[in-house]
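Below is one structure, written out as structure tokens; the observations come after it.
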Amino acid sequence: MTPEQFLSSLPRNGPAPVYLFLGPEHYQRDRCRRALLESVLGDTREARETGFTRLDLSEVPLAAALDDARSLSLFAPRRVIWLAGAEAALPRAVSESDQPNHELAGYLRQPTPDTTVVLESSRYGFEGDDKPKLERVRKFFSAIPAQVEFRPFSPEAARSLAQILAKQAGLQLGLAELAMLLDATGGEASRLETEIEKLWLFTGGARKVTADDIAALVPDAQAATIFALVAALGRGDRSRALEIVDTLTREGEYMPLALTFLATQFRMALAAREAGLRNAAQIQAYFNQLGTRIWPERARQIEQTVQAFSKAKLEQAVAQLFEADRDLRDARPDDRIVMEEMILTLTAAPTSR
């Protein structure tokens with residue numbers, strides 16, 4: 001089930017005896033955890049302290065944790081037992097982990113009344129190399145019917161969440177600043193919540209958030225300046241690109257990092273051109289399907305680069321960026337000179353479609 005389905009089922013059906021929480025997304029998992037604790041233990045501090053037990057299955061065997069769940073407490077009539085690191089309970093042999101856990105199945109046949117057990121597996125994601133590992137966790141705990149999946153927010157959902165959180169906080173956040181915040185946080189919901197709270201405390205909600213506010217408060221926000229350089233080069237805007245290099249130099253930016261972003265941008269633009277992608281929506285869908293999650297703003301930047309550079313020019317740009325990266329790692333007198341030479345080369349002649 002999704003986190004939304006879990007949250008809606010709690011007041012309607014009450015808590016299940018055992019849940020399996022799957023996936024690394026922290027924001028929704030924390031919402032579900034708070035809702036479950038309130039549903040089972042209420043909102044008093046005493047009930048939370050006596051009724052909540054947290055164990056780590058990398059330190060405690062699953063059998064011992066289930067024995068704890070079976071025991072009745074004199075001080076806590078209702079209990080929540082949270083078992084973190086559920087993937088640690090899997091046997092070392094892969095073939096054995098493909099079989100459901102019999103101890104858990106036995107507990108589910110006769111669960112302890114007024115006790116809810118949550119097995120949390122947050123180590124593995126739903127894509128790439130993590131996918132088969134997560135599926136082994138799911139099979140091992142398949143006796144649990146109530147499984148909640150905490151998948152990463154899609155770019156659109158993260159953008160919508162940021163707007164909702166900003167509105168709830170009374171934060172004045174423009175679209176350009178919103179895009180910068182999403183880039184700086186990678187669209188991670190828990191980071192969005194934290195950074196929006198910090199921005200509200202900084203501005204007091206009395207004025208609109210500026211790009212300088214985000215750069216000063218949000219970690220990794222300087223990357224947004226690098227993205228601005230990517231966009232300027234993608235448009236073939238030489239003067240703006242040189243201005244941004246000046247800004248990056250004065251802020252002490254590590255230039256090989258800037259070149260890494262640039263090289264990624266041009267390689268993605270080259271891939272988009274070779275795939276015949278025509279607009280930002282197609283570009284975003286294409287790379288997301290390949291497992292490379294990009295935001296709408298980044299897709300628009302790639303679209304600009306595809307429109308500004310021919311295939312031959314994109315290939316030349318990738319080669320030029322490789323050379324610049326090599327020069328930056330040599331004993332050179334000034335990184336800025338390397339960057340400026342690279343910009344002059346990339347914007348030397350009018351681009352063609």
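Details
- Some residue of the range 129-139 being in contact (Cβ under 8 Å) with a residue 12 or more places away in the chain, more than 27 Å from residue 187 (Cβ to Cβ) and β-branched (Val, Ile, Thr): no
- Candidates are the residues of the range 234-250 that are within 20 Å of residue 334 (Cβ to Cβ) and in contact with a helix residue (DSSP H, G or I) (Cβ under 7 Å, 6 or more places away or on another chain); the one that is modelled with the highest pLDDT is 242.
- Meets criteria (assigned by TED's automatic domain parsing to the domain that holds residue 28 and modelled with pLDDT of 80 or more) for residue 169: no
Matching residues to (1) within 17 Å of residue 18 (Cβ to Cβ); (2) under 31 Å from the mean Cα position of the chain (by Cα):
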{"residue": "43", "(1), (2)": "no, yes"}
{"residue": "49", "(1), (2)": "no, no"}
{"residue": "57", "(1), (2)": "yes, yes"}
{"residue": "86", "(1), (2)": "yes, yes"}
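- Among the candidates 43, 67, residue that is in a helix (DSSP H, G or I), at negative phi and of a type outside the set (Val, Ile, Thr): 67
- None of 340, 323 is of a type in the set (D, E, K, R), out of contact with any Ser or Thr (no Cβ under 6 Å at 6 or more places or on another chain) and under 19 Å from residue 232 (Cα atoms) except 340.
- Close contacts from the range 197-212, counting a first residue that is over 16 Å from residue 175 (Cα atoms) and assigned by TED's automatic domain parsing to the domain that holds residue 168 and a second that is small (Gly, Ala, Ser) and in a helix (DSSP H, G or I), with Cβ to Cβ under 7 Å and a gap of 6+ residues or different chains, come to 197/169; 200/169.
- The residues on offer are 262, 270, and the sole one that is surrounded by 19 or more Cβ atoms within 10 Å (Cβ to Cβ), part of a helix (DSSP H, G or I) and modelled with pLDDT of 85 or more is 270.
- Looking only at residues of the range 134-172 that are of a type outside the set (S, T, N, Q) and part of a strand (DSSP E or B), we find that the one that is surrounded by the fewest Cβ atoms within 10 Å (Cβ to Cβ) is 149.
- Cross-chain or 6+ apart pairs with Cβ under 8 Å, the range 305-328 first and assigned by TED's automatic domain parsing to the domain that holds residue 258, then modelled with pLDDT under 80 and among the hydroxyl-bearing types (Ser, Thr, Tyr): 308/351; 309/351; 310/351; 310/352; 313/351; 313/352; 325/260
To keep it simple, each residue is scored yes or no on (1) under 28 Å from residue 91 (Cβ atoms); (2) surrounded by fewer than 17 Cβ atoms within 10 Å (Cβ to Cβ); (3) of a type in the set (D, E, K, R).
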position	(1), (2), (3)
4	no, yes, yes
17	yes, no, no
29	yes, no, yes
53	yes, no, no
58	yes, yes, no
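The values are calculated or read from the model by the stated rules, or taken from the named source; none is laboratory data. It should be emphasised that the depicted structure is a prediction, and the values quoted were computed from it without experimental measurement. Because the Cβ atoms are built from the backbone with ideal geometry, glycine has one as well, and the counts that use them run over all protein chains shown.
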